[in-house]
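**Student:** Pasting a structure below so you can have a look.
The values are calculated or read from the model by the stated rules, or taken from the named source; none is laboratory data. Because the structure is a prediction, the values reported are computed rather than measured. Reconstructed Cβ throughout: ideal geometry from the backbone, glycine too, with neighbour counts over all protein chains shown. We work out accessible area using only protein heavy atoms, side chains counted, and drop any ligands, DNA or RNA first. Shrake-Rupley method; radii C 1.70, N 1.55, O 1.52, S 1.80 Å.
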Amino acid sequence: MRAILRISVLFTLILSFGGCMKKTVIEKMPAAQVRKELDKFAPVDFRMDLSYLDPKEVDVIRHLVKASQYMDEIFLRQVDEDNAKFREALRMMNEPDAGVYRDFFNLMFGTWNRIDGNRPFLDTKSKPAGAAFYPADMTKEEFVKFVGTHPEKREAFESNFTVIRRRDGGLVSIPYSEYYKEWLIPAANLLKEAAGMTSDSTLKKYLQSRAEAFLSNDYFLSDLIWMDLSGDIEAVIGPYEVYEDGLFGYKAAFESFVCLVDHDESTRQKAIAASLDALEKALPMRAPGGDSSRGTASPIKVVNLVYSAGDTKAGVQTTAFNLPNDERVRKAKGSKKVMMKNVMRAKFEKCWLPIVRTALAEKDLPRVSFDAYFAHTLMHEVSHGLGPGILKKDARETTVQRELKEAYSVIEECKADVLGLLTAQALVDRGVFPKSLESTLYATNLGGLFRSIRFGVGEAHGGGVAIQMNVFMDRGACSAGPDGRFSVDDAAMKRAVRELAGELLRIEADGDYEAAKAFIEKHRYVRPEVRAVLDRMTNIPVDIRPLYAIEKEIR
Ligand code: ZN
């Protein structure tokens, strides 16, 4: 296996297993190589000013951070049951590069490099697809067979909130509330204490019900209540995403976000919400204002992150999340999209600007701004809710997604990007965004296209971006200069954006699968001029690594 070839250095550590001292040798990747991987993540100090809050609410936040640290502990064990031992071994490691291993281990939540196909940098064990949610040697077939012969156990086995273990020659499911109680009980106590302190009645209800869920293993009610949070503190804590379970996608990983609502953005949100009808009517499509309903609404909330824990903090950092995932809650109350502005700003500064400085012509660099980047990202999300959703085709009711099949996600991501520009411009014209945004909107967006293409054009977003880049170049909206750097012609760009929006909306409105495929086929490729820019981008961080000052303060 390729992982073994790269591991050449040995170190010896004394580990304590179950009370008896045992000498264990752990293989590891050379420190210089681990440092190179670690340096792909630019460290960012997330320090929030809490001074405007009531001291009691600051105490609530401290409690939430402490409770979140228990989510770190649980998630570490959800990834690999040996992780606590590895962490202890690294803590005792006494050599100049120990910190590099510790930092990378903490970032990856274990011994596997999440941005390099889970290649191990410590130890030689490869990562089981089902992480530690299932026995490491259990196959998919064994699980399916067991559930088939024990139908009464299916629900508990497929539950988002149980682990599967071997017992007496068979398999058993154990509820999280039982299996992880060592951490869930103290976390629940902290949430209850915080609930007792806060003067925000919606947060109080959420924290109380979530504390109960930690003990009862029933998360439904607290998920419902979370939708109603309306105070300054936006917190979410518990088992949510199922990506870590690569075997079945059943098991939820523990995580936490402790955030503060951004009031200026909330005010703007209301203005955007009030403009939605006008934005829909102004879309460049044949039958504007048709049925664009997509079921329940998904409100957007803009916040600043104070602390994150568990699943979300492992590897690439989350900038926005859409929760809850429970379909019953989504049916009853929809879901909530939360965008973390300070995380986005950090990524913009550390990972975007270096790319943009490589890609754009000198004259366009002053026309790049975080505000334009943020406005476009926000309007990208809003734009997913604009345009055709439910369709009538041959007298049957269907959806754009169903008709466009596997071509849908590329077309839809491209649409959201292009409508994001179109609607941001419309909101400048309506006075919702400041006039000054217009001068930076298009250059910022062009710079951003390079960032997305850098990660490949195979997945939906990169594919959508390649389409835009090629259409914009075909129509003279942007071009490479003699030095290979790109500049944008705002007037031509505005025209190209409107035309491209019209073409994408037509494909969606017709639910035209063949047209969608042909459109993607024609435009999804990387031109030599673009490739040349990408080739110049070396040593630019791929992501950020959060450092939280508040951890030290609450010790
Ligand atoms: Zn999107």
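**Student:** Mind giving me the FRET efficiency for R357 and R475? R0 is 22 Å, r the Cβ-Cβ distance, nearest 0.05 is fine.
**Tutor:** Working from the Cβ atoms, E equals 0.30.
**Student:** Hey, what number do you get for the chain at 222 nm if only DSSP H runs of n ≥ 4 count, each worth -39500 (n - 2.57), divided across all residues, to the nearest 500?
**Tutor:** After summing the helix terms and dividing by the residues of the chain, the value is -15500 deg cm²/dmol.
**Student:** Now for a different question. Rounded to the nearest 10 degrees, what's the angle between the helix 370-383 long axis and the longest principal axis of the chain, both from Cα atoms, 0 to 90?
**Tutor:** Taking Cα atoms only, the helix is inclined about 90 degrees.
**Student:** Something else: Place a point 7 Å from the Cα of K270 along the Cα-to-Cβ direction; which residues of region 425-439 have their backbone N under 20 Å from it?
**Tutor:** 427-428, 430-434
**Student:** Next question. Expressed in nm to one decimal, what extension gain is obtained for the pair V526 and T538 from 0.36 nm per residue of sequence separation less their Cα-Cα distance?
**Tutor:** 2.5 nm
**Student:** Report the full-extension gain for the segment E459 to S230: residue separation times 0.36 nm, less the Cα-Cα distance, to one decimal in nm.
**Tutor:** Computed gain between E459 and S230 is 78.9 nm.
**Student:** Let me ask something else. Among the listed pairs K181/K347; K301/K347; K85/K204; K205/K331; K40/K522; K28/K127, which are separated by more than 25 Å between their Cα atoms?
**Tutor:** From K181/K347; K301/K347; K85/K204; K205/K331; K40/K522; K28/K127, over 25 Å: K181/K347; K85/K204; K40/K522.
**Student:** Relative to the first principal axis of the alpha-carbon coordinates of the chain, what is the inclination of helix 408-429, with its axis defined by its Cα atoms, in degrees from 0 to 90 and to the nearest 10?
**Tutor:** The angle comes out near 60 degrees.
**Student:** How far is the Cα center of region 473-521 from the Cα center of region 59-135, in Å?
**Tutor:** About 44 Å separates the Cα centre of region 473-521 from the one of region 59-135.
**Student:** Using Cα atoms only, what is the angle between the long axis of helix 263-281 and the major principal axis of the chain, expressed in degrees (0 to 90) to the nearest 10?
**Tutor:** 50 degrees
**Student:** What number, in percent, do you get for the relative contact order of region 350-553 if the mean sequence gap of Cα pairs under 8 Å and at least 6 apart is divided by its residue count?
**Tutor:** 30 percent
**Student:** Which residues does the label zone of K153 cover in region 173-189, counting backbone N under 17 Å from a point 7 Å along Cα→Cβ?
**Tutor:** Those under the cut-off are 173-176, 179.
**Student:** Right, next: How large is the Kirkwood hydrodynamic radius of the chain, in angstrom, based on all distinct alpha carbon pairs?
**Tutor:** 25.6 Å
**Student:** Could you state the accessible area per residue of region 316-459 in Å², with a 1.4 Å probe and every protein chain left in place?
**Tutor:** 38 Å²
**Student:** In region 350-553, carbon and sulfur make up what percent of the accessible area (probe 1.4 Å)?
**Tutor:** Carbon-and-sulfur percentage of accessible area, whole number: 50.
**Student:** In whole Å, what is the distance between the alpha-carbon centres of region 317-333 and region 154-216?
**Tutor:** Cα centres, region 317-333 to region 154-216: 18 Å.
**Student:** Can you give the relative contact order of the chain as a percent, counting alpha carbon pairs under 8 Å and 6+ residues apart?
**Tutor:** It comes to 15 percent, rounded to a whole number.
**Student:** Suppose R0 equals 56 Å. What FRET efficiency, 1/(1 + (r/R0)^6) with r the Cβ-Cβ distance, do R328 and D483 give to the nearest 0.05?
**Tutor:** The formula returns an efficiency of 0.50 here.
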